[in-house]
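The values are calculated or read from the model by the stated rules, or taken from the named source; none is laboratory data. Keep in mind that this is a model prediction, so the values were computed, not measured. Side chains are part of the model used for accessible areas, which takes the heavy atoms of the whole protein and leaves out ligands, DNA and RNA. Shrake-Rupley method; radii C 1.70, N 1.55, O 1.52, S 1.80 Å.
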Amino acid sequence: MSFEPEIIGFCCQYCAFAAADLAGAMRLQYPPNVKIVLIPCTGRIDIIHLLRAFEDGADGVFVAGCLEGNCHFLEGNIWAKKRVIYTKGILDEIGVGGDRLEMYNMSAAMGQRFAEVATEMTERIRALGPNPARKHKKIEAAEVAVEA
Ligand code: FES
């Protein structure tokens, strides 16, 4: 049986979450491997949330925020990008692999882009194989919820 990765997508409510909704409304096809966690802004994401998602069993994680310059909280997505880059380094050092984590930017109107991101991440993680730090359990999006 082929490996089916579990991917957590931390999606900003103003853009990526709306884009995912649009992708669904447009009936765009993309792999069902992504579990979306709604967050108020990617600036709310901290390094510990990202590491915790991997510790809890995610094979891949992405953060999707507003286009640069369009964050509703001014620079939340810029801070998120810095935290993602920093966390990639930690993941490389501990042997999980920084390629399992990515940051994307999109607008609420980019339903097609959301479908591409879900497909791209699924293919990437499928090629990388299971998270070596994975505990043997299925994860639920609620387990990695971020408090508002
Ligand atoms: Fe969307 Fe900040 S409000 S990334």
Checklist entry - Among the aspartates and glutamates, which have Cα under 15 Å from the Cα of LYS88 when same-chain residues fewer than 8 positions away are ignored? => result ASP46, GLU55, ASP59, ASP99, GLU102
Checklist entry - Rolling a 1.4 angstrom probe over the protein heavy atoms, how many square angstrom per residue are accessible across the chain? => result 51 Å²
Checklist outcome for this item: Rounded to a whole %, the carbon-and-sulfur portion of the accessible area of the stretch 1-100 at a 1.4 Å probe is 56 percent
Checklist entry - In what order, largest first, do TYR14, TYR86 sit by accessible area if the probe radius is 1.4 Å? => result TYR86, TYR14
Next on the checklist: Which of rounded, prolate or oblate describes the stretch 6-76 when judged by the alpha-carbon gyration tensor and an a/c cut-off of 1.5?
Outcome noted: oblate
Checklist entry - Using the Cα gyration tensor of the stretch 65-140, with a ≥ b ≥ c the square roots of its eigenvalues, what is the shape: rounded (a/c below 1.5), prolate (a/b larger than b/c) or oblate (neither)? => result oblate
Checklist outcome for this item: Between CYS41 and residues 5 or more places away or on another chain, the pairs with built amide H atoms under 5 Å apart involve GLN13
Checklist entry - Does the stretch 6-148 come out rounded, prolate or oblate by the C-alpha gyration tensor, with a ≥ b ≥ c the root eigenvalues, rounded set by a/c under 1.5 and, if not, prolate when a/b is larger than b/c and oblate if not? => result oblate
Checklist entry - For the stretch 1-129, what's the relative contact order in percent, using C-alpha pairs closer than 8 Å and at least 6 residues apart? => result 38 percent
Item to check | Expected 222 nm ellipticity per residue - DSSP helices of 4 or more, -39500 (n - 2.57), all of the chain, to 500 | outcome: -12000 deg cm²/dmol
Item to check | Accessible surface of PHE54 - all protein chains present, 1.4 Å probe, nearest 10 Å² | outcome: 10 Å²
Next on the checklist: What are the ³J(HN,Hα) couplings of the stretch 26-38, residue after residue, when phi is run through the Karplus curve with 6.51, -1.76, 1.60 and θ = phi - 60°? Round to Hz, x for glycine and proline.
Outcome noted: 7, 6, 6, 8, 8, x, x, 6, 8, 9, 8, 10, 6
